Amino acid sequence: MAFIGRVGMYVILATLGCGAWAQDYKPGEVIVKLKNKGAMSSYAFLGKAQTDKQMTLKESYGKMNMHHFALGKGTSVSQAIHDLSQDPDVEFVEPNYYLHKSDDTGIQERFSMAEIEEYAASSQEKILATDSNIGLDYAWQSLSGGGVGALAANPPVVAVIDTGLQIDHTVITDTSALWVNSGEIAGNGIDDDGNGYIDDVNGWNFVTNSGTIYDDDGHGTHVTGIILSVDQNIFTTPRTTAKIRIMPLKFLDGSGIGTTSDAISAIYYAVNNGAVVLNNSWGGTGYSAALHDAVAYTYSKGASFVAAAGNSANNNDSVPLYPASYDVPNVISVAATGSSNYLASFSNYGATSVDLGSPGTYILSTIPTNSFGTSSGTSMATPFVAGTIAQMKVASPNMLGYQLKSIVLDQIQTYSQLSGKVYTSGKLNTANAVSSAGGAAVDSSQPAYTVSYQSASRSVASENAAMGGCGTVAKLSGSTGVPISQILVAIGLLLLPLVAYAIRGVLYPQSRRRHERYKIDSEVRISVGDRELVGSVSSISLGGAQVNTAALLEDGGMVTMLIESPDGSEKIEVGGRVVWSEANKAYGVAFDQAPQSALQRITDWTRNLQKV
Ligand code: CA
């Protein structure tokens, strides 16, 4: 195959062999990050993986050079990790871990809309949370109407990465809180804004791979209501237009379970489509370097990443829970407090790794369908913090994640009950945080952060170890505290700002691009076996093309394409191989059998085209 270059000799620095598999993972799948050796090396690996190892590329994550694969039949995850970790092109390989929502109870008590509104109207007390006591009134009053942070043209967007959302819940519609992707036309089957997702009008459902958002669990809708409850009292009417927008990104299924690969996709979607606060009421104990990279990316973009500390009554200092335990400077790890400002009985804690407490017991919020319910968990504590940061962004739109975190932690209310439990010995204070953000000068820069992959699973394993003797994250990184090895990644955040707006796979890296790529808008007829499909080509180079079609193309599949010239006057025929796909709608096709005459025509066409 023409695009498979010769793999040169490289020094093996380190590979990530033995998985520290403290939790379950999806059978038959791995996430692989390749070393930064340039496009040809990546092509070679992808070709080799698909032809020699029968692996199927499911998704590629931009210039992170990270790829999500399905393994060939009969290959176990442990065997694949053992094999791939010895490949000189592989930076790391890991299982596709399952992740879980972080509520402790599910919905405890349910109320109808009428019951809540009647109660709210008659009661003098705040019914939001039995002990919320975090100064919500301040946010409601000071930021409402024509005051500070009055309705902005572009309200801060909070991504709720969760089980979804009942998007037509009365609270959501009354407050107009649902994010709208202005670049997308609903229901036309076209990726109008070119972000790789078709008809993503209000967010994306990574479980079904569609723009249809719903909540078949209730968790995401509950979390969303809490974020909005920092904006206004959602229990009373009339409700007002929210000063923030909610971008629902569903990656947890109806049982509250999702995969790391989908979480990563949701995180990239969030920041690449304008979210500035990410609420993450979920987690898992398996350290994922891939997820670490994704969280670091959110930091490089200035976003805030708020994460639940977990509900196992564990000390996260010794038993980390991810993503809350990543040391990325924009991550805020949130514990749950209960009555009298004590740590909730179920809440994880950590004097160094958990930042602050926030109300998390018997929290009343929205649930499907069109009603309210109470729930407990660090899942509920987290959105109070995310909602507070969103209001801080209303007060100070240009403030970055690093500074927002510092202010939130500086402005807590300390409680002796929380001493030794959380880093700040304190609990969220929304009033102080929002007030302080409104009055503070904005830092336009943030300290540099370079991903240093966590040590536990970072050694080349013996075969024996790879077959199951790796131990757990807790065992390796917790009580002993002895790192097995450390890999400092030279690229890290320095390279991150270069990550393309859309995640376009490895086909066209900017820095080491082999062929210039040009924007084009041409029709293409694609033959796959006996099938003939119609689509469009949105970019082209001498090495390949991006093809958009509503039909499903198999990763690694061979295709023949009849591509029309930009002026429609002629067509060329080239053979190729699908090397990446996004949302099963956009495909990267590397030219495999392109006659010299066809390449000459492409050269002629592109003289008048704009470079990408
Ligand atoms: Ca789109």
* To do: Can you work out the PRE-style zone for Y342? Point 7 Å along Cα to Cβ, and I want the residues of the range 400-417 with backbone N under 16 Å.
  => 415-417
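So, with a 1.4 angstrom probe, what is the percent of accessible area on the range 110-439 that is carbon and sulfur?
Values: 4700 of 9830 Å².
Carbon and sulfur: 48 percent of the exposed surface of the range 110-439.
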* To do: Any chance you could check the Cα centroid distance between the range 221-236 and the range 379-433 for me, in angstrom?
  => 17
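Enter the accessible area per residue of the range 24-100 (Å², integer; probe 1.4 Å; all protein chains in place). Could the numbers behind the result be given before it?
On the way: 2310 Å² over 77 residues.
For the range 24-100, the solvent-accessible area averages 30 Å² per residue.
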* Structure fact -> Expected unfolding gain across V180-D327 under the 0.36 nm per residue rule, minus the alpha-carbon gap, is 49.7 nm
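Once the piece of chain linking T105 and R607 is laid out straight, how much longer is it, given 0.36 nm per residue of separation minus the C-alpha distance between them? Could you put the intermediate results ahead of the total?
Details: separation 502, 0.36 × 502 = 180.72 nm, distance 6.21 nm.
Net length gain for the segment: 174.5 nm.
Extension gain D83-E523, at 0.36 nm per residue separation less the Cα-Cα distance, in nm? Each step should come with its number before you reach the end.
Working: separation 440, 0.36 × 440 = 158.40 nm, distance 4.12 nm.
This chain segment gains 154.3 nm when fully extended.
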* Could you go through the range 287-304 in sequence order and give the Karplus-derived ³J(HN,Hα) for each residue, using 6.51 cos²θ - 1.76 cosθ + 1.60 with θ = phi - 60°, rounded to whole Hz, and x for Gly and Pro? => 5, 10, 5, 5, 5, 4, 4, 5, 5, 4, 4, 5, 5, 4, 8, x, 7, 9
* Structure fact -> Taking a straight Cα-to-Cα line shorter than 15 Å from K427, and setting aside same-chain aspartates and glutamates fewer than 8 residues away, one finds D131, D355, D410
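Given a 1.4 angstrom probe, I'd like the percentage of the accessible area of the range 561-612 that is carbon and sulfur, rounded to a whole number. Walk me through the intermediate numbers first.
Numbers: 990 of 2350 Å².
Reported share for carbon and sulfur atoms: 42 percent.
Whole number in Å², please: accessible area per residue of the range 110-439, 1.4 Å probe, ligands, DNA and RNA not counted.
Details: 9830 Å² over 330 residues.
On a per-residue basis, the range 110-439 sits at 30 Å².
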* Structure fact -> Residues whose built amide H sits under 5 Å from the amide H of V157, excluding neighbours closer than 5 in sequence, are R245, V276, V277
* When the accessible area of the range 24-100 is split by element with a 1.4 Å probe, what percent falls to carbon and sulfur? -> 49
* Going by average Cβ neighbours within 10 Å, how do the peptides 208-219, 347-358 rank, with the highest at the top? -> 347-358, 208-219
* Structure fact -> With a ≥ b ≥ c from the Cα gyration tensor eigenvalues, square-rooted, and the rule rounded for a/c under 1.5, otherwise prolate when a/b > b/c and oblate otherwise, the range 192-298 is prolate
* lysines with Cα under 21 Å of K250, excluding same-chain neighbours fewer than 8 positions away -> K26, K58, K101, K585
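In the range 317-348, which chymotrypsin sites (Phe, Trp or Tyr not before Pro) fall in coil by DSSP and have 14 or fewer other Cβ atoms within 10 Å? Could you put the intermediate results ahead of the total?
Working: sites: Y326, Y342, F346; in loops: Y326, Y342, F346.
Sites meeting the loop and neighbour criteria: none at all.
The values are calculated or read from the model by the stated rules, or taken from the named source; none is laboratory data. Predicted, not measured: the structure shown is a model, and the values here were computed from it. Positions of Cβ are backbone-derived with ideal geometry, glycine not excepted, and every protein chain shown enters the neighbour counts. Note: accessible area is taken over every heavy atom of the protein model, side chains too, but ligands, DNA and RNA are not part of it. Shrake-Rupley method; radii C 1.70, N 1.55, O 1.52, S 1.80 Å.
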